[in-house]
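Asks: What follows is a structure written as C-alpha cells; I'll ask about it next.
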Amino acid sequence: MKQPCLLACCALLGLSLTACGGDSMPDPGTRTEDAQTVDLESLFITVRGRVDLLPEAARLLADQGQPPPTLGGLPLSIEEPLRVGVNDPAATFGTGTLAEDGGFSVRDVPVKDIHLSLAARFAHEGFVPSSTIVFDTAFSGSRPRTDIIDARAWALPWAFHDALSGAVGEEALRLQTEGRARTLLEAGFLLGRVVDASGQPIAGVRVRMDQGALSDRLYYPSEDLSRVGQEGTSANGLFLYVHSGGDAETFRLSVHGTEAYLWRNAGATPGLGLVLTLYPGTYAP
C-alpha cells in the first residue's frame, strides 16, 4: 500500500494514480503491437549514464583558476527525490561508483517503487548534495518499462553554490525563508536549465509554475553568475527556485509561451538541490 505522504505528493502535483505507479500507458514513441507484457510489480531495471560538472560551474572554476575536480571513484545513488523530501527510508533504490570518465551503471532498480520520478544523487566532499532527474513520469504517464541509458547527471561544486547564493543575496534568502536560511542549500533549491532541441541553453525564457503563488521564488542568474533577476533566462539558460526552508513541497513547471515543453514534476526540500533540464518534446537532446 502506498504511503499517505506519497499519495499527497501525487495529489499536489495533480497527477493520477497511474502516474504514481500504474501501468496503463506505454512509453511515448515506441511501437507496442508486438511487445511482451511487462509486469511492473516485479521488474528491475539498470540505470546507466554519466556525471559531469555542470558546464556553468566548470566555467566558474576555470575563471577562478581552480582545476576541475576528479569524479572517478566517487559514490552515486539512484533515488526518488520526492520520497527523499518526505523522509521515506526506502527512497534510495541502488548505489554505484563513478568510473574515471564519470560513467555509472546501477543495476536492480525496482520499478514498482517509482512513483513520480527517478534521480541520480551525487553528494561528496567538495560538492553540494544534489539530485538530477533522469526519468519523469510526466513524459510517459507510467513507470519505466526498460533500462534507462545515457542518463546525464550534474555535479555542483561548492564554489558554484556559493556564487549563486551570493547572487541571490542573504537578504532575499532570509526573506524567502522567513529567516530560516542564509544559503541556497539551507533553504533547499531547484536549479534548472532551459535548452533547445540540440541541447543549447536559451536566453529570454520565462518559466511558468502550476502554483502561481510560488512564482516569486523564481530567479534567473546572469551569464557571469554575479546577480539574479526575475525577468527571464540569460544566455546560460539557468533558473533557480528558492525553497522556503520548511517542509518539502511539490509542484510542476514548464515554459511560458510554448506547448513544446511539457509540464515537469519537481519539488524542493531543505538541505538538498534538485537539478532539472527543460527541453522540448519527450526525449532529452
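The values are calculated or read from the model by the stated rules, or taken from the named source; none is laboratory data. Because the structure is a prediction, the values reported are computed rather than measured. Positions of Cβ are backbone-derived with ideal geometry, glycine not excepted, and every protein chain shown enters the neighbour counts. Accessible surface areas use protein heavy atoms only, side chains included; no ligands, DNA or RNA. Shrake-Rupley method; radii C 1.70, N 1.55, O 1.52, S 1.80 Å.
Asks: I'm trying to understand the selection: among the residues of the range 124-149, which are in a loop (DSSP other than H, G, I, E, B) and under 16 Å from A268 (Cα atoms)?
Replies: Residues of the range 124-149 that are in a loop (DSSP other than H, G, I, E, B), as a first pass: 124-126, 128-129, 141-147.
Passing the criteria: V128, P129.
Asks: Go over the candidates P285, P280 one by one and state the one that is out of contact with any helix residue (DSSP H, G or I) (no Cβ under 6 Å at 6 or more places or on another chain), over 19 Å from L184 (Cα atoms), modelled with pLDDT under 95 and part of a loop (DSSP other than H, G, I, E, B). Talk me through it step by step, then tell me what you get.
Replies: On the way: P280 fails: modelled with pLDDT under 95.
Within the list P285, P280, the selection yields P285.
Asks: Further, regarding this structure: Counting only residues that are closer than 21 Å to G141 by Cα and touching a Gly at 6+ places or on another chain (Cβ under 7 Å), which one in the range 258-273 is surrounded by the most Cβ atoms within 10 Å (Cβ to Cβ)?
Replies: That would be G267.
Asks: Another one. Exactly one of (1) open to solvent by less than 10 Å² (accessible area, probe 1.4 Å); (2) over 22 Å from L191 (Cβ atoms); (3) at pLDDT 95 or above is unmet by T132. Its number?
Replies: The failed condition is (2).
Asks: Is it fair to say E223 is at pLDDT 95 or above, of a type in the set (D, E, K, R), part of a loop (DSSP other than H, G, I, E, B) and surrounded by 14 or more Cβ atoms within 10 Å (Cβ to Cβ)?
Replies: Yes.
Asks: Please give the number of the condition G179 fails out of (1) touching a strand residue (DSSP E or B) at 6+ places or on another chain (Cβ under 6 Å); (2) more than 22 Å from G232 (Cα to Cα).
Replies: Evaluating G179 over (1) touching a strand residue (DSSP E or B) at 6+ places or on another chain (Cβ under 6 Å); (2) more than 22 Å from G232 (Cα to Cα) leaves (1) as the failure.
Asks: Would you mind stating whether L164 is at negative phi, assigned to a helix (DSSP H, G or I), open to solvent by less than 30 Å² (accessible area, probe 1.4 Å) and not small (G, A, S)? Break it down into steps so the answer makes sense when it comes.
Replies: Working: at negative phi: yes; assigned to a helix (DSSP H, G or I): yes; open to solvent by less than 30 Å² (accessible area, probe 1.4 Å): yes; not small (G, A, S): yes.
In short, yes.
Asks: Here is a further query. Of everything in the range 93-110, what is of a type in the set (V, I, T) and either modelled with pLDDT under 95 or surrounded by fewer than 15 Cβ atoms within 10 Å (Cβ to Cβ) (or both)? Give them in sequence order. Please lay out each step first, then the result.
Replies: Here is the first cut: in the range 93-110, the ones of a type in the set (V, I, T) are 95, 97, 106, 109.
Selection gives T95, T97.
Asks: Moving on. I'd like to check something: does the range 63-74 contain any residue that is β-branched (V, I, T), open to solvent by 40 Å² or more (accessible area, probe 1.4 Å) and touching a strand residue (DSSP E or B) at 6+ places or on another chain (Cβ under 8 Å)?
Replies: The first filter runs over the range 63-74 and keeps only residues β-branched (V, I, T), leaving 70.
Imposing the further condition that a residue be open to solvent by 40 Å² or more (accessible area, probe 1.4 Å) reduces the set to 70.
Retained after the next criterion (residues that are touching a strand residue (DSSP E or B) at 6+ places or on another chain (Cβ under 8 Å)): none.
No, the range 63-74 has no match at all.
Asks: Tell me yes or no: at least one residue of the range 178-201 is on the phi < 0 side of the Ramachandran plot, among the β-branched types (V, I, T) and more than 17 Å from the chain's Cα centre (by Cα). Steps first, please.
Replies: Of the residues in the range 178-201, the ones on the phi < 0 side of the Ramachandran plot are 180-187, 189-198, 200-201.
Now drop any that are not among the β-branched types (V, I, T), which leaves 183, 194-195.
In the following step, the residues that additionally are more than 17 Å from the chain's Cα centre (by Cα) were identified as 183.
Yes, the range 178-201 contains at least one residue that is on the phi < 0 side of the Ramachandran plot, among the β-branched types (V, I, T) and more than 17 Å from the chain's Cα centre (by Cα).
Asks: Residues in the range 235-247: is at least one touching a residue at least 40 places away in the same chain (Cβ under 8 Å), touching a Gly at 6+ places or on another chain (Cβ under 7 Å), in a loop (DSSP other than H, G, I, E, B) and at negative phi?
Replies: Yes, that holds for at least one residue.
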